[in-house]
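Peer 1: First, the structure itself, so that you have it in front of you.
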Amino acid sequence: MPEKGTKAPDFTLPDENNELVTLSSLLGQRVVLYFYPKDNTPGCTKEACSLRDSIEDLGKLDAVVIGISPDSTASHRAFREKHNLPFHLLSDPDHKVMEMYDAYGEKMLYGKKSVGVIRSTYIIGKDGNIEKVFRKVNTSTHGEDVRKALEAL
């Protein structure tokens, strides 16, 4: 699992418009990289909208937001448009990037073990190193939690 102080694993994935986004191309700005299970589900919608509502403050802190889930680029496009999300959503249907970030695997869901996306967020510094890892995410306040973490860095 990538940890604070280590180099963030590089990757390239398609966004909601089928354009490729490469993490290393974002060097020089902070990246809030969040992994979520599924477009248009209650928790994922709360989390995305919380980040959307904090986007101006995050931008002032020189941070861009990128979401990753296994959903298709078409699903991401519809989710982004429906909720006016001002950030890219990347498609990782075979979980390769999620696995690189330890964001896919066994988890507890409603008291039962299952395998799937592990909701988590990484703040990646301007130099490409991981500055903070959120392994527990409050979907309702995540945007504010990320803002506070960025201010503390």
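Peer 1: Roll a 1.4 angstrom probe over the protein heavy atoms and tell me the percent of accessible area of the chain that is carbon or sulfur.
Peer 2: 50
Peer 1: Still on this model: Could you grab the relative contact order for the stretch 64-123? Cα pairs under 8 Å, six or more apart, rounded to a whole percent.
Peer 2: Over the stretch 64-123, the number comes to 28 percent.
Peer 1: From the helices alone, meaning DSSP H stretches of at least four residues, give me the mean residue ellipticity at 222 nm for the chain, per-run term -39500 (n - 2.57), in deg cm²/dmol to the nearest 500.
Peer 2: Taken over the chain, the calculation gives -8000 deg cm²/dmol.
Peer 1: Please give the FRET efficiency for Asp94 paired with Leu27, using the beta carbon to beta carbon distance and R0 = 22 Å, rounded to the nearest 0.05.
Peer 2: Efficiency computed from Cβ-Cβ geometry: 0.30.
Peer 1: Just tell me the longest site-free run in the chain, where the sites are GluC sites (Glu not before Pro) in a DSSP loop having at most 15 other beta-carbon atoms within 10 Å.
Peer 2: That would be 20-153.
Peer 1: Note down the nm distance, to one decimal, between modelled labels 7 Å out along Cα→Cβ at Lys7 and at Asn40.
Peer 2: My value for the distance between the label points is 4.0 nm.
Peer 1: Between the stretch 123-153 and the stretch 1-35, how many Å separate their Cα centres?
Peer 2: Measuring centre to centre over Cα atoms gives 14 Å.
Peer 1: At 1.4 Å probe size, with every protein chain present, just tell me what the per residue accessible area of the chain comes to in Å².
Peer 2: That works out to 49 Å² per residue.
Peer 1: Could you compute the FRET efficiency for Ala152 and Glu81, with r as their C-beta to C-beta distance and R0 at 22 Å, rounded to 0.05?
Peer 2: According to the calculation, E is roughly 0.10.
Peer 1: Could you compute the longest span of the chain free of trypsin sites (Lys or Arg not before Pro) located in DSSP loops and having at most 16 other Cβ atoms within 10 Å, not counting the site residues? Numbers along the way, then the final one.
Peer 2: Working: sites that count: Lys4, Lys38, Lys126, Arg135, Lys136.
Looking at the chain, 39-125 is the longest stretch - no exposed trypsin sites (Lys or Arg not before Pro) with at most 16 other Cβ atoms within 10 Å.
Peer 1: Report Leu90's accessible area, 1.4 Å probe, all protein chains in place, as a number in Å² to the nearest 10.
Peer 2: Rounded to the nearest 10, the figure is 0 Å².
Peer 1: Of all beta bridges DSSP finds with both residues in the chain, what is the antiparallel percent, to the nearest 5?
Peer 2: Values: 19 of 29 bridges.
Taking every DSSP beta bridge with both residues in the chain, the antiparallel ones total about 65 percent.
The values are calculated or read from the model by the stated rules, or taken from the named source; none is laboratory data. Fair warning: this is a prediction, and the values are worked out from it, not measured in the lab. Note that each Cβ is placed from the backbone with ideal geometry, even for glycine, and that neighbours are counted across all protein chains shown. Calculation scope for accessible area: heavy atoms of the full protein, side chains included, ligands and nucleic acids excluded. Shrake-Rupley method; radii C 1.70, N 1.55, O 1.52, S 1.80 Å.
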